[in-house]
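First the structure, in the form of C-alpha cells, and then the observations on it.
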Amino acid sequence: MKSLLQIFTWWNGQTIGTRFHTWRFGKRVGEDTAGNVYYEGGKDSEGRTRRWVIYNGYADASAIPPGWHGWMHHRTDVSPADENYQPREWQKPHRVNGTGTADAYRPQGSISNNGERPRVTGDYDAWTPRS
C-alpha cells in the first residue's frame, strides 16, 4: 500500500522520484520532533546547497519548526541538529489548520459564532433599491 501511495500521491510522505533523488544525492542532516527528516545535497541555480525535507505523513510546510525553517531557507548554515537550538518565546509550536472543523477560528461577530456583533459608530448601512 505504501508503494502505491508513493507512486500516485505527493502529499503523503515522498514520491518514488523523491526517494530515488534522496538516495542518490541526499545527505541526511537531521530529524525534528515531528519525525520530518531533513537532507541536503547538490547545488541550486544560485550555487547554494539544495535542502529538502521528507515529511512524516501529510506534506504541510507550516509543520516545519522555526529552527529548521531558518536552515531550510539558508538563513543559517548550522542545522538545529548541530546546535542546541531553543525557539524564542514568540515562536509558537505548530497547530493543524482548523479551517472547516470545530476548531476553526471564529471571531466575535462571525456568522459562524453564536454571538451577535456589537453595533459600532460608523457602521455600514447597506443600500437597498428605492430607499
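The values are calculated or read from the model by the stated rules, or taken from the named source; none is laboratory data. Note that the coordinates shown come from a computational prediction; the quantities given were computed from them, not determined experimentally. All Cβ positions, glycine included, derive from the backbone under ideal geometry; neighbour counts span all protein chains shown. The accessibility values were calculated without ligands, DNA or RNA, using every heavy atom of the protein model including side chains. Shrake-Rupley method; radii C 1.70, N 1.55, O 1.52, S 1.80 Å.
When the Kirkwood radius is taken over all Cα pairs of the range 35-78, what Stokes-Einstein diffusion coefficient follows at 4 °C and 1.567 mPa s, in µm²/s?
It comes out at roughly 116 µm²/s.
Please report, in debye to the nearest 20, how large the charge dipole of the range 27-80 is about its Cα centre when each Lys and Arg carries +1 at its beta carbon and each Asp and Glu carries -1 there.
Once rounded to the nearest 20, the dipole reads 180 debye.
I need the peptides 85-97, 59-71 ranked by packing, meaning the mean over residues of other C-beta atoms within 10 angstrom, with the highest value on top.
Ranking the peptides 85-97, 59-71 by packing returns 59-71, 85-97.
How large is log10 of I(q)/I(0) for the range 20-131 at q = 0.11, 0.23 Å⁻¹ when the intensity is taken from the Debye formula with one equal scatterer per alpha-carbon?
-0.57, -1.32
At a 1.4 Å probe, what is the % contribution of carbon and sulfur to the accessible area of the range 60-101?
49
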